[in-house]
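Here is the structure we will look at, set down as structure tokens.
The values are calculated or read from the model by the stated rules, or taken from the named source; none is laboratory data. It should be emphasised that the depicted structure is a prediction, and the values quoted were computed from it without experimental measurement. Don't worry about glycine lacking a Cβ; one is built from the backbone with ideal geometry, like all the others, and counts go over all protein chains shown. Heavy atoms of the whole protein, side chains included, go into the accessibility calculation; ligands, DNA and RNA do not. Shrake-Rupley method; radii C 1.70, N 1.55, O 1.52, S 1.80 Å.
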Amino acid sequence: MRFQVLGPVIVRDEAGASVSLRGPRHRAVLARLIVARRRVVPVTRLADDLWDEPPADAVGAIRTFVAGLRRALEPDRPPRTPARLLVTEGPGYALRAEPDAVDAWRFDDTVRAAADLPAAQAVCVLTEALSWWHGPAYADFADEAWARAERSRLTEQRLLAVERRAEAQLAIGTAGAAVPDLDAHVAEHPWREDAWRLLATALYGSGRQADALAVVGRARRMLAEHMGIDPGPRLRRLEQDLLLQSEHLGPGAADPTAQVWEQARAAYDSAVPARTGRRLESAAGLMRDLAVTGGGGLAAARRHRLAAVAAADELGDPELTARVIGIYDVPAIWTRSDDPAQDRRLVDIAEKTLRRLPDHGDAGQARLLATIAVESRGMLPAEHPSESGLRPLRAARQAEQIARRLRDPSLLVFALDGVFMQSFQRAGLAPRRDALGAEVLAVAASNNLATYEVLGHLIRLQARCALADYRGADRHAAAADALALRHELPLVTVFTAWYRALRTAVAKDLAAAEAAYERAATTLDGAGMPGLEHGLLPLARLSLYLRHHESERIATMDPHTDWGPYTPWVRPALFVARGEIDRARTALRHLASPPRDLLFETLWAAVAHAAVAVDDAAVMRRAHTQLSPAIAETTAQSGLLDAGPVRAYLADLEAALSRHPAQRSRSRRPGRGQRPADDHT
């Protein structure tokens, strides 16, 4: 058995398959024993750690958990023979796993051993060790007091490993390879002066002296503003060495691009006074350009953009705030927010600013309205839209009207992006979005608006997938990739890679499709899009199995999988696949409608599948009502995954509902132009 705790707690057998550990208490007992590192943990201590107030039968419950764990960890052990792995000793239990069987123990040993290795070998060894991390250590038990010290210790070990690997990379002359990881490292852990020092040294070694000096400057400002201290002696000495191009730093090749950037920045700093609105507008413009670089750039752009907007709002000048908000006209294609709290804050400031401005119907007002529409993505109520829920839709339409009247191409494509984000009032609207994408594409192409030209292609790619026109979608994917290459837009390949995995799924090659989705998932690493990434890969697998009627494969999916925001709507189908019919019925009983977005049809399809399996007429009727408008479409609205044609799910629902005569009349498909009964938009 192999034990993973550098991320969620997982056990794998010799074949690499995940071992089911039953309930959360079983996993907590196992994790607590791993923390003890082969030492005995008394039963009384386990009880105190597992419960805030241990029940009267705590000891008996722990024995039950241990017995269940033993069956899982040693399935071939003959009855009534002593356990060899999870042993009873004295007053408690110990996990006697081999030192290399637990990834955290193996990581500790590797980091210690790397200190005595030649630099080139240390780079290889530490790179492999860092690849064992799949999230925060003991991620399932972040709030448990018994895990806190070990989690902190392992986190410090990981940070040390990152920095030791960087030092080894510098020693063997591969400074450029160290820069990306160090850049992310200082962004996540800005208080580590050694990390700043290593990043500046790596930049200098890559021929980027100006960037190296800028990094030291950033470190100095951060330490002063947030901690009230100056840099330590090593960082101060490095700054002097960089300015003098000291020989011990090695050759620092000239970087003309960096020099131009640094000269321009210095000129701007000297010409534009601090604490002016002009600086906030410039910062917002810079964040707009940074957002399309992907990865850390996108995350930083969102964070600093909100800071600029909030600062403008505090100055009390609504016209300045409107400009700072409106400058950030970055195209948006995914309908789920990466940071809902941040987006709500931004929308609140935009709405407040709109109320304080005169209603002139000008470009500034239109940009505020378009921002409200775009940043309210995913906020449309699921089944019964309220007055407040329809406000972003009205904002989108108002922005579009103003932009058309002003005949401003850049404003029009921004407004149409807002219309797109609010175009999910019901299922079956792919033709409308296709026309919308075609207009965005035409306006952008004729006015050299490259990022919006890409947006137009991606909107049409999604719509053509929904309409099962995969050849048309192929053309839009190829065009988007070509534009991304020409204009250095790395995030585009995330969507096209996932689209090509979908194409493999449509071709009915299950094994190839699973492999394609695994490869596509790697494009999300460091992409800076948690709203897209969270739960997407398991949802793609589930969609694949639903499309191919592979219920047995659904049953084998890891019960501890993190489904992210999709959990409520996939859980019934998982219960059904495992034969847990009563749990499936309970999960369906009070299930809300999924959000009205690009995965609306997919999630309703999963619900429909489960409702038919347990013969829940009420949920079947709801699913039929919601899916009926999309009878001519597929569930591939997202352009990323596909659970099959909507028509197939409707047919299954109608066949099942025919056994419920009282419901028969309610399950008729809407006629042409007829909306679902509960669609009030």
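Of everything in region 655-681 that is touching a Ser or Thr at 6+ places or on another chain (Cβ under 6 Å) and open to solvent by less than 50 Å² (accessible area, probe 1.4 Å), the residue that is modelled with the highest pLDDT is 657.
Residue 557 fulfils the conditions (1) open to solvent by less than 30 Å² (accessible area, probe 1.4 Å); (2) within 18 Å of residue 623 (Cβ to Cβ); (3) out of contact with any helix residue (DSSP H, G or I) (no Cβ under 6 Å at 6 or more places or on another chain) except for a single criterion, (2).
Just need a number here: residues in region 438-474 that are touching a Lys or Arg at 6+ places or on another chain (Cβ under 9 Å), under 16 Å from residue 496 (Cα atoms) and small (Gly, Ala, Ser). Qualifying residue count, region 438-474: 4. In the condition set (1) buried (at least 18 other Cβ atoms within 10 Å of the Cβ); (2) within 29 Å of the chain's Cα centre (by Cα), residue 143 is compliant with all but (1). For region 621-642, the set of residues classified as polar (S, T, N, Q) and farther than 29 Å from residue 514 by Cβ consists of 625, 628, listed by residue number. Taking the stated definitions as given, is residue 645 surrounded by fewer than 18 Cβ atoms within 10 Å (Cβ to Cβ) and either modelled with pLDDT under 95 or within 32 Å of the chain's Cα centre (by Cα) (or both)? Criteria not met by residue 645.
To keep it simple, each residue is scored yes or no on (1) farther than 22 Å from residue 33 by Cβ; (2) part of a helix (DSSP H, G or I).
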{"site": "72", "(1), (2)": "no, yes"}
{"site": "93", "(1), (2)": "no, no"}
{"site": "120", "(1), (2)": "yes, yes"}
{"site": "124", "(1), (2)": "yes, yes"}
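Scanning region 311-326 for residues that are open to solvent by 40 Å² or more (accessible area, probe 1.4 Å) and in contact with a Gly (Cβ under 8 Å, 6 or more places away or on another chain) returns 315, 317, 319, 323.
For residue 202, the criteria (1) under 16 Å from residue 173 (Cα atoms); (2) open to solvent by less than 20 Å² (accessible area, probe 1.4 Å); (3) touching an Asp or Glu at 6+ places or on another chain (Cβ under 7 Å) hold in every case but one, which is (3). Residue count for region 485-525 satisfying the condition of being open to solvent by 60 Å² or more (accessible area, probe 1.4 Å), assigned to a helix (DSSP H, G or I), over 25 Å from residue 339 (Cβ atoms) and not aliphatic (A, V, I, L, M): 6. Exactly one residue out of 584, 610, 636 is of a type in the set (A, V, I, L, M), at pLDDT 95 or above, within 24 Å of the chain's Cα centre (by Cα) and open to solvent by less than 10 Å² (accessible area, probe 1.4 Å): that is 636.
One line per residue, one yes/no per condition, for (1) out of contact with any Cys (no Cβ under 9 Å at 6 or more places or on another chain); (2) assigned to a helix (DSSP H, G or I); (3) open to solvent by less than 30 Å² (accessible area, probe 1.4 Å):
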position: 539; (1), (2), (3): yes, yes, yes
position: 543; (1), (2), (3): yes, yes, yes
position: 553; (1), (2), (3): yes, yes, no
position: 569; (1), (2), (3): yes, yes, yes
position: 574; (1), (2), (3): yes, yes, yes
position: 591; (1), (2), (3): yes, no, yes
position: 606; (1), (2), (3): yes, yes, yes
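For region 439-456, which positions are within 18 Å of residue 488 (Cα to Cα) and not in a loop (DSSP other than H, G, I, E, B)? Full working, then the answer.
First pass over region 439-456, keeping only residues within 18 Å of residue 488 (Cα to Cα): 444-445, 448-456.
Within region 439-456, 444, 445, 450, 451, 452, 453, 454, 455, 456 qualify.
Screening the candidates 41, 87 for the property of being of a type outside the set (D, E, K, R) and open to solvent by 20 Å² or more (accessible area, probe 1.4 Å) yields one hit, 87. Applying the criterion of being over 20 Å from residue 370 (Cβ atoms) and in contact with a Leu (Cβ under 6 Å, 6 or more places away or on another chain) to the residues of region 286-310, the residue that is surrounded by the most Cβ atoms within 10 Å (Cβ to Cβ) is 294. Can you tell me which residue among 164, 220 is in a helix (DSSP H, G or I) and either in contact with a His (Cβ under 9 Å, 6 or more places away or on another chain) or more than 24 Å from residue 103 (Cβ to Cβ) (or both)? Selected residue: 220, the only one of 164, 220 that is in a helix (DSSP H, G or I) and either in contact with a His (Cβ under 9 Å, 6 or more places away or on another chain) or more than 24 Å from residue 103 (Cβ to Cβ) (or both). Could you say whether any residue in region 110-129 is out of contact with any His (no Cβ under 8 Å at 6 or more places or on another chain) and closer than 17 Å to residue 28 by Cβ? Within region 110-129 (the criterion being out of contact with any His (no Cβ under 8 Å at 6 or more places or on another chain) and closer than 17 Å to residue 28 by Cβ), the answer is no, since none of the residues qualifies.
If you go through region 229-245 one residue at a time, do you hit one that is within 31 Å of the chain's Cα centre (by Cα) and open to solvent by 60 Å² or more (accessible area, probe 1.4 Å)? Please lay out each step first, then the result.
Filtering region 229-245 for residues within 31 Å of the chain's Cα centre (by Cα) gives none.
Within region 229-245 (the criterion being within 31 Å of the chain's Cα centre (by Cα) and open to solvent by 60 Å² or more (accessible area, probe 1.4 Å)), the answer is no, since none of the residues qualifies.
Filtered by the rule that a residue be at pLDDT 80 or above and open to solvent by less than 10 Å² (accessible area, probe 1.4 Å), region 206-228 gives 212, 215, 216, 219, 223. Based on what the data block shows, is residue 25 in contact (Cβ under 8 Å) with a residue 12 or more places away in the chain, open to solvent by 70 Å² or more (accessible area, probe 1.4 Å) and either closer than 26 Å to residue 152 by Cβ or more than 34 Å from the chain's Cα centre (by Cα) (or both)? Yes, satisfied. When 371, 335 are checked against the criterion of being in contact with a Gly (Cβ under 9 Å, 6 or more places away or on another chain), at pLDDT 90 or above, assigned to a loop (DSSP other than H, G, I, E, B) and of a type in the set (Val, Ile, Thr), 335 stands alone in meeting it.
Annotation: of all residues in region 1-43 being of a type in the set (S, T, N, Q) and modelled with pLDDT under 90, the one that is nearest to residue 88 (Cα to Cα) is 20. When residue 528 is tested against the conditions (1) of a type outside the set (Asp, Glu); (2) assigned to a loop (DSSP other than H, G, I, E, B); (3) surrounded by fewer than 20 Cβ atoms within 10 Å (Cβ to Cβ), the lone failure is (3).
Quick check on my filter: what residues within region 33-70 are among the charged types (D, E, K, R), within 24 Å of residue 154 (Cα to Cα), part of a helix (DSSP H, G or I) and out of contact with any Phe, Trp or Tyr (no Cβ under 6 Å at 6 or more places or on another chain)? The answer is 45, 48. Against the list (1) open to solvent by less than 60 Å² (accessible area, probe 1.4 Å); (2) free of Cβ contacts under 8 Å to residues at least 40 places away in the same chain, the condition residue 602 fails is (2). Looking only at region 7-29, residues that are within 11 Å of residue 138 (Cβ to Cβ) and part of a helix (DSSP H, G or I) come to 2 in all. Filtered by the rule that a residue be touching a residue at least 24 places away in the same chain (Cβ under 8 Å), within 14 Å of residue 412 (Cβ to Cβ) and open to solvent by 10 Å² or more (accessible area, probe 1.4 Å), region 426-450 gives 443, 446, 447, 449.
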